[in-house]
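Here is the structure we will look at, set down as structure tokens.
The values are calculated or read from the model by the stated rules, or taken from the named source; none is laboratory data. A quick note: this is a predicted structure, and the numbers were derived from the prediction, not measured. Here the Cβ positions follow ideal geometry from the backbone for every residue, glycine too, while neighbour counts run over all protein chains shown.
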Amino acid sequence: MANESSPVCFRIPSKERALLEVVAQFQGQTLSAFARDAVIRVAQGIVETHGADTVFRKFETLETRRAAELTARLEGIREQLFANPREEATEAAESIEKTREELLPQQQRGLPD
């Protein structure tokens with residue numbers, strides 16, 4: 001199963017982590033297994049409560065909106081580059097990096113989280 005899974009990382013305060021470690025050990029699980037099981041149970045509960053169609057429709061709506069916003073931002077940057085390439089190239093590069101930072105998780109940008 002380890003070969004079929006992908007890592008998910010999140011930050012947690014040390015006191016909360018200590019609690020999770022104690023409870024996981026009490027359950028006879030690793031912290032990873034305990035957290036995975038808990039997250040899956042919560043996700044399944046949400047899908048059962050709201051219905052799979054509703055959950056996935058909202059996800060698709062949010063992703064479509066995000067893609068449209070990114071496209072509009074990049075189009076604006078492209079216009080800046082072609083309008084006055086020498087003066088605004090630095091501004092455009094900064095804007096591209098800012099957009100990238102807002103929309104991509106740190107790991108996808110090659111940075112540690």
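Numbers for the structure displayed
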{"read-out": "Pick from segment 36-75, criterion without any contact (Cβ under 8 Å) to a residue 24 or more places away in the chain and among the basic types (Lys, Arg), ranking: nearest to VAL23 (Cα to Cα)", "value": "ARG36"}
{"read-out": "Only one of PHE26, PHE34, PHE10 that is outside the structural domain of ILE96 (by TED's automatic domain parsing) and not in a helix (DSSP H, G or I)", "value": "PHE10"}
{"read-out": "Neighbours by Cβ (under 6 Å, 6+ apart or cross-chain): first from segment 1-17, on the phi > 0 side of the Ramachandran plot; second surrounded by 10 or more Cβ atoms within 10 Å (Cβ to Cβ) and at pLDDT below 90", "value": "none"}
{"read-out": "Any chance PRO85 is over 21 Å from ARG11 (Cβ atoms), modelled with pLDDT under 70 and surrounded by fewer than 11 Cβ atoms within 10 Å (Cβ to Cβ)", "value": "yes"}
{"read-out": "Meets criteria (modelled with pLDDT of 75 or more, part of a helix (DSSP H, G or I) and loosely packed, with under 12 Cβ neighbours inside 10 Å) for GLU69", "value": "no"}
{"read-out": "Residue within segment 8-22 that is touching a helix residue (DSSP H, G or I) at 6+ places or on another chain (Cβ under 6 Å) and at pLDDT below 95 present", "value": "no"}
